[in-house]
Amino acid sequence: MDKFKEECGIFGIFGHPEASTLTQLGLFALQHRGQEACGIVSSDGRDLHQFRSQGLVADVLGEEILRRLVGSAAIGHTRYSTTGRNTIKEVQPFSATCQHGDIAVCHNGNLPFAEARRRELELEGAIFSSTSDTETILHGIARTRADNAIDAIEKVLKETEGAYSLLFLTPEALVAVRDPRGFRPLVLGKQGESWCVASETCAFDLIDAEYVREVEPGEMLVIDENGIESRFPFEKKQHAVCTFEHVYFSRPDSTIFGRSVNESRHKMGKQLAVEHPVDADIIVPVPDSGVAAAIGYAAESGINFRQAIIRNHYVGRTFIEPSQSIRSFGVRLKLNPIKDLINGRRVVLVDDSIVRGTTSKKIVQMVREAGATEVHMRISCPPTAHSCYYGVDTPHRNDLIASRMTTDEVREYIGADSLGYLSLEGMLEAINIGSESSCTACWTGKYPTLIANGKAA
Ligand code: SF4
């Protein structure tokens, strides 16, 4: 599907006899944040134990593996890659042994200056085992003089720019850190007497853990057998939480940045109906991410909601396009219309975003072929016209249709009768985080940081 892609999900737990099993479940709930590879590192209080593999959590983190991941603390990672190649060497958590002992790390985000730092380290003779930006953090810790691993982590991150929600595991402690701008989400929970951390609260629901609060931007939590300690060691920065998490990346059953994702999407849909009303017979979501906004649009407009496009959730990556030309191959693997509901009706399609426009074009065509008399496309965020540098896989700017075409040109390209995007103000009001605390760079081009070329792109 033609979407921005979140790169990673992270989960960690300290002080539970089944730490690796609960981490496997947490990662399973976070599978939507990365489907290429996953891994867990556990601690038995003396040593770290590691397993990493390409593949889905349910396929590769089986009983036999979990039995080997002994100990009462663990961190885990599920990955979609942009930084680094897709090989086993890139799969996190990474671990190393250095002057501060054994240490493992997993990361959700992006470090724009890591490549330059890596070149410097390589010239000094450093050996890397992956191409990932995250590994530069381990090198930094290994080279830092400090009394212990925790202080070394703190020192290195004080000099690290970028977007990061990070989990570290040493034999004695779990450390959770969110960068001072708070780009990517990280939440704190409690399972009985055990503390846990995760990218999203949906991971807590599965293991019966209670959501306690956000890990604050700029906060470093140190969890060990003495309990939990909160530090704010970094220079304060204007917060810039990723608005797109509420538009698309996060699961609707999660609470992130202190807000329900489902509620945000529902409100976006309602506001979309206020801003772009249309005479129609049915509101149809593009599944699954368009559902909550479509329900909101239907509620505000009074037009019937119909789940008239069905998604096949079991599509793998191994299909080969038939050599004969089958026009709808690709999108039809995933989506199929219910003709009875669509035939003869004026349809409003609600989706969360248009990236290249290629999938939207196929969906509009599919709905027309199912007999729709009119097809109106409504998008629950503004036109995405800029790339992301903060841990999200986005196409080059030139490939984003909204960066080259006006809204009417996009409408013509996708073949819709009308096209309406939610306004920036409408989106921010629906999410209600506060515009000054939100990153909106992929819509506005106003990047909250310098990016790798040293410019505020
Ligand atoms: Fe999120 Fe967009 Fe900002 Fe990237 S540029 S962090 S996707 S809001």
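The values are calculated or read from the model by the stated rules, or taken from the named source; none is laboratory data. What you see is a predicted model, and the numbers here were worked out from it, not measured in a lab. Cβ placement follows ideal geometry from the backbone for every residue including glycine, while neighbour counts extend to all protein chains displayed.
Out of contact with any helix residue (DSSP H, G or I) (no Cβ under 6 Å at 6 or more places or on another chain) and not polar (S, T, N, Q): is that true of Val222 in this structure? Let's see the steps before the verdict.
Values: out of contact with any helix residue (DSSP H, G or I) (no Cβ under 6 Å at 6 or more places or on another chain): no; not polar (S, T, N, Q): yes.
Answer is no for this residue.
When the residues of segment 203-253 are narrowed to those that are touching a strand residue (DSSP E or B) at 6+ places or on another chain (Cβ under 8 Å) and of a type in the set (S, T, N, Q), which ends up surrounded by the most Cβ atoms within 10 Å (Cβ to Cβ)?
Ser250
Between a residue in segment 124-148 that is surrounded by fewer than 15 Cβ atoms within 10 Å (Cβ to Cβ) and any residue that is aromatic (Phe, Trp, Tyr), which pairs come within a Cβ distance under 9 Å, given they are 6 or more apart or on different chains?
If the second residue must be aromatic (Phe, Trp, Tyr), the pairs left are Ser129/Phe94.
Determine, yes or no, whether His396 is more than 21 Å from Pro277 (Cα to Cα) and within 18 Å of the chain's Cα centre (by Cα). Let's see the steps before the verdict.
On the way: more than 21 Å from Pro277 (Cα to Cα): yes; within 18 Å of the chain's Cα centre (by Cα): no.
The answer is no for His396.
Regarding Asp288, is this residue within 21 Å of the chain's Cα centre (by Cα) and either modelled with pLDDT under 95 or assigned to a loop (DSSP other than H, G, I, E, B) (or both)? Before the answer, list the steps.
Numbers: within 21 Å of the chain's Cα centre (by Cα): yes; either modelled with pLDDT under 95 or assigned to a loop (DSSP other than H, G, I, E, B) (or both): yes.
The answer is yes for Asp288.
In segment 147-164, what count of residues is obtained for those that are assigned to a helix (DSSP H, G or I), over 18 Å from Thr97 (Cα atoms) and either of a type outside the set (Lys, Arg) or modelled with pLDDT under 95 (or both)?
So the answer is 1.
With respect to Asp179, determine if the residue is within 16 Å of Gly12 (Cα to Cα) and of a type outside the set (S, T, N, Q).
On the way: within 16 Å of Gly12 (Cα to Cα): no; of a type outside the set (S, T, N, Q): yes.
Spelling it out, it is not the case that Asp179 is within 16 Å of Gly12 (Cα to Cα) and of a type outside the set (S, T, N, Q).
Filter segment 387-427 for residues that are surrounded by 21 or more Cβ atoms within 10 Å (Cβ to Cβ), outside any loop (DSSP other than H, G, I, E, B) and within 12 Å of the ligand (Cβ to nearest atom) and give the result.
Passing the criteria: Val392, Met427.
What are the pairs, 6+ residues apart or on separate chains, where a residue within segment 205-220 that is in the same structural domain as Ala163 (by TED's automatic domain parsing) has its Cβ under 7 Å from a residue that is surrounded by fewer than 17 Cβ atoms within 10 Å (Cβ to Cβ) and assigned to a strand (DSSP E or B)?
Partner pairs satisfying both residue conditions: Ala209/Lys190; Glu210/Lys190; Val212/Lys190; Glu219/Ser230; Met220/Arg231.
Could you list, ordered by first residue, the pairs with Cβ atoms under 9 Å in which the first is in segment 150-168 and closer than 15 Å to Ile75 by Cβ and assigned by TED's automatic domain parsing to the domain that holds Val197 and the second is within 16 Å of the ligand (Cβ to nearest atom) and of a type in the set (Phe, Trp, Tyr), at least 6 apart or interchain?
Close Cβ pairs (under 9 Å, with a partner that is within 16 Å of the ligand (Cβ to nearest atom) and of a type in the set (Phe, Trp, Tyr)) amount to Tyr164/Phe183; Ser165/Phe183.
Keeping to segment 363-386, report how many residues are of a type outside the set (A, V, I, L, M), under 26 Å from Ile342 (Cβ atoms) and within 16 Å of the ligand (Cβ to nearest atom).
Within segment 363-386, the first condition is being of a type outside the set (A, V, I, L, M), and the residues that meet it are 365, 368-369, 371, 373-374, 376, 378, 380-384, 386.
Going one step further and asking which of them are under 26 Å from Ile342 (Cβ atoms), we end up with 365, 368-369, 371, 373-374, 376, 378, 380-381.
From what is left, the residues that are within 16 Å of the ligand (Cβ to nearest atom) are 380-381.
Qualifying residue count for the region: 2.
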